[in-house]
Amino acid sequence: MSARHLPLAVAVLAASVPASARDYGQQGAIFPVIEADLLSVIQKRLVTMQASGEIDRANQALAERTAAKVRRPAAVAGIETATEERRWRFDPTITVRQDLRDARGRVIVAAGTRVNPLDTVPLRQRLVFINGDDASQVAWARTTTTALSAKLILVAGSPFALMKAEQRRFYFDQQGTLTRHFGIRAVPAVVEQQGRLLAVRELVVRGTKGDRK
């Protein structure tokens, strides 16, 4: 057979072979595709939790934890009891980064201007920082200050418990914002105005853990 007749022979041979398609049946188990509605699942779970009282218990636990944190905030980290007196001056002057404008768009304070807040809002009360869990510091603050002369700011302890016991307002240095701003590392500490600066003192109080006498 010549080479030119080979393709034709192959085609004829292929046509003479009977073609068949066999059914091999079902191979393994077949499962229907089911996509659960996520919202329905959540809704059913919530209904179950509500019926069992689980949601109410969770809400109650959350409310109690929140109330506990309000009554007794986390102590300011890194603040110790003063073992030696330390004094320094703090300049509250700031530099305005961008123009400050009034309601009509007029510049009232230009960018780059240095502003001292004490020029317009003087610090009329001393800021007294104490550890509310140290009875000696609380007693010292009570006997050396009045509600008019100072604001008592806790770095640890419960302001609500002290307000009830002392019948006086107490504040709390949340997350150490003020102590960090003034550079306070130990208490008791006092911040008071002296001219256009603030005088900051860390004091050793008799009877506290820092009193070595």
Would you pick out the residues in segment 79-112 that are surrounded by 13 or more Cβ atoms within 10 Å (Cβ to Cβ), touching a Ser or Thr at 6+ places or on another chain (Cβ under 8 Å) and in a loop (DSSP other than H, G, I, E, B)?
-> Ile79, Ala82, Val96
Residues located in segment 136-156, provided they are out of contact with any strand residue (DSSP E or B) (no Cβ under 7 Å at 6 or more places or on another chain), of a type in the set (A, V, I, L, M) and touching a residue at least 40 places away in the same chain (Cβ under 8 Å) = Ala139
Residue list for segment 124-175, filter: closer than 23 Å to Thr83 by Cα and in a loop (DSSP other than H, G, I, E, B) = Gly132, Asp133, Asp134, Thr145, Gly157, Asp173
Answer yes or no: is there a residue in segment 186-197 that is modelled with pLDDT of 95 or more, farther than 26 Å from Pro122 by Cβ and part of a strand (DSSP E or B).
-> yes
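The values are calculated or read from the model by the stated rules, or taken from the named source; none is laboratory data. Computed from a predicted model, the values in this text were never measured in an experiment. Reconstructed Cβ throughout: ideal geometry from the backbone, glycine too, with neighbour counts over all protein chains shown.
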